[in-house]
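Report on the following structure.
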Protein chains: 2
Amino acid sequence: MSMKRAASSAVRAVASLGNSPVQARTLHASPGSKKIVGVFYNANEYASLNPNFLGCVENSLGIRQWLESQGHQYIVTPDKEGPECELEKHIPDLHVLITTPFHPAYVTAERIKKAKNLQLLLTAGIGSDHIDLKAAADAGLTVAEVTGSNVVSVAEDELMRILILVRNFLPGYHQVINGEWNVAAIAHRAYDLEGKTVGTVGAGRIGRLLLQRLKPFNCNLLYHDRLKIDPELESQIGAKYEEDLDAMLPKCDVIVINTPLTEKTKGLFNKEKIAKLKKGVLIVNNARGAIMDTQAVVDACNSGHIAGYSGDVWYPQPAPKDHPWRYMPNQAMTPHISGTTIDAQLRYSAGVEDMLRRYFKGEDFPAQNYIVKDGELAPQYR
Amino acid sequence: MSMKRAASSAVRAVASLGNSPVQARTLHASPGSKKIVGVFYNANEYASLNPNFLGCVENSLGIRQWLESQGHQYIVTPDKEGPECELEKHIPDLHVLITTPFHPAYVTAERIKKAKNLQLLLTAGIGSDHIDLKAAADAGLTVAEVTGSNVVSVAEDELMRILILVRNFLPGYHQVINGEWNVAAIAHRAYDLEGKTVGTVGAGRIGRLLLQRLKPFNCNLLYHDRLKIDPELESQIGAKYEEDLDAMLPKCDVIVINTPLTEKTKGLFNKEKIAKLKKGVLIVNNARGAIMDTQAVVDACNSGHIAGYSGDVWYPQPAPKDHPWRYMPNQAMTPHISGTTIDAQLRYSAGVEDMLRRYFKGEDFPAQNYIVKDGELAPQYR
């Protein structure tokens, strides 16, 4: 595997050989032994309820036995914040750090600087914006994720959220649990999805899977992206390309955010951008919370300009108790969950294991998994 | 329009001509004038919020001006229960009764017997099981609904509910509004729909629309019905026919009920039938509440045999405050709403107006709208 840091680390190992035979012996006795740290959420009482619930501390992606049988050290912790946290203790000597977007360990330039042995940053899932990618590239690290592991999971979830908003599901559910029955209070703003205009901002893997799933709903489908989808797939999906985002936005009854968080998309949906949206627009955002200006979304939900907002991404995460999106009207939010279904966990656990196996053997990863390789960011993060 | 009651009513009119000149003059003065009664829910403060919110008392399907300009009398009321209710007052002399499944006025044999002038029962929407169809047929009435007016609405809603259950949406939403963040508590039982087996009990118009919308989700699709879908459509939908319901049930991760309520389907899902389902099955029922044994569903949700139940239909409706489905675990219920989106209201209001127009002119309705015609029930209600 081609990694600048691997080379410089080898240089350090060789250098230390002269100064410290004990350390060198250790390296020699177990030449391939690596220290791998995984940061996941604690599942506590839920960990044992499902044998396929792999993405938590307790079940550790299901790779502990295999890693340890290969002589590697595998530390897993949920404790990722502040200078005294468990993660911080292992930063100086870990070789591989596995993180997830669902319980993100923020890999800052400072942490990268401290992590002298670090070679590989793996994201169990998709979305590596919790990592300072420029710092990682500059340090010669490899950053990779399990591309494709949960794109179906997220696309399905987006379609669910579109329907929840369009059909005004939650007020009806609230009536049920509150012992009420008032069809009018729901029906006056419940619609069919059929015939509505749905636009996706970003039509990468998730956006395309969403468009494919939307096709039988007989909507007017639009997409904005840097690149037009190739004509055959485009006609199969039945969506129309909108080169100019600002031209697309006012046409849409429903906007779905499917773009990664980058310097360009951070805060993209601010007050000015939201003002361009159709009054009564519905927004689904399973991409990243920071693509939205938090307060601008709250204000537009309060004024009714945004008639419904649903997503599973927040900034920061976990969302604090007083995050205003918890309390704004017509929200259908959840914690960050869409990409971590049991099916997705099985796929990204397998993907992490596959990349570790290749890493130990010095083999390349599947090309689409790289976020940073040879000091270069993948195109979608530039 | 061919209706036994029209004929017998004409006989009565002729007979009364001899006995009561005043009554005859009235008939003569306004030979086409009819008394039409509509039973809808009150929308109160919601009525004015949306000009297309037609299916409520206040907006009266949007046909008042037209009906009155034609010289007809149009009474609209939400008051439909008990001997003193407003509906009961008009039973003896109404010609046409318009009802809906969302706020059903139960048209019993007793009411039909009292309704000496009644000729036509129109359902604004689909589903006429709140009418004693046999009594209506015996009395020579015509019963018709706006077939197709809300099939898309209901099918979309079913797909939403499948996703809400499969992906375990509601526990996440509850965390948000309760100031919590616990991904594990959601993720341990959240799945992708992809790859799961979904079976519909009934593949009429709604069932087929659901199957078409499910196709891009890459599920294993099954359907049970009296009749196999024609081979071309079946291969287009990609669903497999299961002639034997009891053979299909244990295969399904998700069961969707899409059969009308008839003597055969009433209480179909009782304790014994539910026991045949896969442990952890998810059930979506937007058909009719009475197809399920209420307590058997509660017991199976409590035991975990049913892992999620969602639907908008109850027995009776409105569901009383103490209906046990409000309080059972893993429910995602709403009041009866899926077929009464704004789009559906526009369609069934137009359909009712069309049938009234034809009725006044003595023309037949679109064939698929008839539930009872010439003393015969439509096949799906036999």
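The values are calculated or read from the model by the stated rules, or taken from the named source; none is laboratory data. Bear in mind the structure is a predicted one, so any value in this text is a computation, not a measurement. Glycine gets a Cβ as well: all are built from the backbone with ideal geometry, and neighbour counts include every protein chain shown. What goes into the accessible areas is simple: the full protein's heavy atoms, side chains included, and nothing from ligands, DNA or RNA. Shrake-Rupley method; radii C 1.70, N 1.55, O 1.52, S 1.80 Å.
Per q in 0.30 1/Å, what log10 I(q)/I(0) does a Debye calculation on the alpha-carbon atoms of the range B:110-163 return?
Here log10 of I(q) over I(0) equals -1.17.
Per-residue mean of other chain beta-carbon atoms within 10 angstrom of the beta-carbon, peptide B:327-340?
The shielding value for this peptide is 5.
If you average the alpha carbon positions of the range A:129-175 and of the range B:123-180, how far apart do those two centres end up, in angstrom?
Cα centres, the range A:129-175 to the range B:123-180: 30 Å.
Can you give the helix-only mean residue ellipticity at 222 nm for chain A, where every DSSP H stretch with n ≥ 4 adds -39500 (n - 2.57) and the sum goes over all residues, rounded to the nearest 500 deg cm²/dmol?
Value at 222 nm, helices only, nearest 500: -10000 deg cm²/dmol.
How shielded is B:36-49 by partner chains, expressed as the average number of their Cβ atoms within 10 Å of its Cβ atoms?
Average per residue, whole number: 3.
Leaving out ligands, DNA and RNA, and with a 1.4 Å probe, what % of the accessible surface on the range A:162-227 is carbon or sulfur?
Answer for the range A:162-227: carbon and sulfur cover 49 percent of the accessible area.
Tell me which residues come under 5 Å, amide H to amide H, from B:G308 once H is placed; ignore anything under 5 positions away on its chain.
B:I283
Quick one: buried accessible area between A and B, total over both chains, 1.4 angstrom probe, nearest 100 Å²?
Summing both sides, the interface buries roughly 6000 Å².
Relative contact order for the range A:30-127: what percent, with Cα pairs under 8 Å and sequence separation of 6 or more?
Relative contact order, the range A:30-127: 32 percent.
From the Cα gyration tensor of the range A:43-82, with a ≥ b ≥ c the square roots of its eigenvalues, which class applies: rounded if a/c is under 1.5, or else prolate if a/b is larger than b/c, or else oblate?
Taking the square roots of the gyration eigenvalues as a ≥ b ≥ c, the range A:43-82 is oblate.
Per residue, what volume in Å³ does the Cα convex hull of the range A:84-196 take up?
Taking only Cα atoms, the range A:84-196 has a hull volume of 161 Å³ per residue.
According to the Kirkwood expression over distinct Cα-Cα pairs, how big is the hydrodynamic radius of the range A:251-326, in Å?
After inverting the mean inverse Cα-Cα distance, the result is 12.4 Å.
With both partners inside the protein assembly as shown, how many of the DSSP beta bridges are antiparallel, as a percent to the nearest 5?
10
Can you give me the relative contact order of the range A:67-117 as a percent, contacts being Cα pairs under 8 Å and 6 or more apart?
Averaging sequence separation for qualifying contacts and normalising by length gives 31 percent for the range A:67-117.
Mind computing the radius of gyration and Dmax over the alpha-carbon atoms of the protein assembly as shown? Å is fine for both.
When restricted to the Cα atoms of the protein assembly as shown, Rg and Dmax are 30.7, 126 Å.
Shielding by partners for B:316-326, please: the mean number of other protein chain Cβ atoms within 10 Å of each residue's Cβ.
The mean count of partner-chain Cβ atoms within 10 Å per residue comes to 3.
What shape does the range B:165-312 take by its C-alpha gyration tensor, where a ≥ b ≥ c are the square roots of the eigenvalues and a/c under 1.5 counts as rounded, a/b above b/c as prolate, and the rest as oblate?
Oblate shape, in that a/c is at least 1.5 and b/c is the bigger or equal ratio.
When a/c reaches 1.5 or more, the comparison of a/b and b/c decides; with that in mind, is the range A:333-382 rounded, prolate or oblate per its Cα gyration tensor?
Here the range A:333-382 falls in the oblate category.
So how far apart, in nm, are the two label points at B:C85 and B:K361 if each is 7 Å from Cα heading toward Cβ?
Each label point is offset 7 Å from its Cα along the Cβ direction, giving 3.4 nm.
Can you give the net charge of the other residues whose Cβ lies under 11 Å from the Cβ of A:N178, counting K and R as +1 and D and E as -1?
Value of the local net charge: +1.
Quick one: give the max-minus-min coordinate of the C-alpha atoms of chain A along each principal axis, largest first, in Å.
78, 49, 33
Report, to the nearest whole %, how much of the accessible area of the range A:251-382 belongs to carbon and sulfur atoms, 1.4 Å probe, protein only.
52
Would you mind calculating the relative contact order of chain B from Cα pairs under 8 angstrom and at least 6 residues apart, reporting the percent as a whole number?
Reported as a whole number, the value is 18 percent.
Determine how many Å³ per residue the convex hull of the Cα atoms of the range A:290-370 encloses.
Dividing the Cα hull volume of the range A:290-370 by its residues yields 129 Å³.
Would you pull out the residues with amide H under 5 Å of B:K278's amide H, same chain only if 5 or more places away, H placed 1.01 Å from N?
The answer is B:C252.
For the pair A:D354 and B:N44, what calculated FRET efficiency results from E = 1/(1 + (r/R0)^6), where r is the Cβ-Cβ distance and R0 = 51 Å, to the nearest 0.05?
The formula returns an efficiency of 0.30 here.
Just the number, please: carbon plus sulfur as a percent of the accessible area of the range B:53-122, 1.4 Å probe, no ligands or DNA/RNA counted.
Summing carbon and sulfur atoms, their accessible area is 51 percent of the total for the range B:53-122.
Share of antiparallel DSSP beta bridges in chain B, in percent to the nearest 5?
10
Kindly report the accessible area of chain B per residue (heavy atoms of protein chains, probe 1.4 Å, no ligands, DNA or RNA), in Å².
Value returned for chain B: 39 Å² of accessible area per residue.
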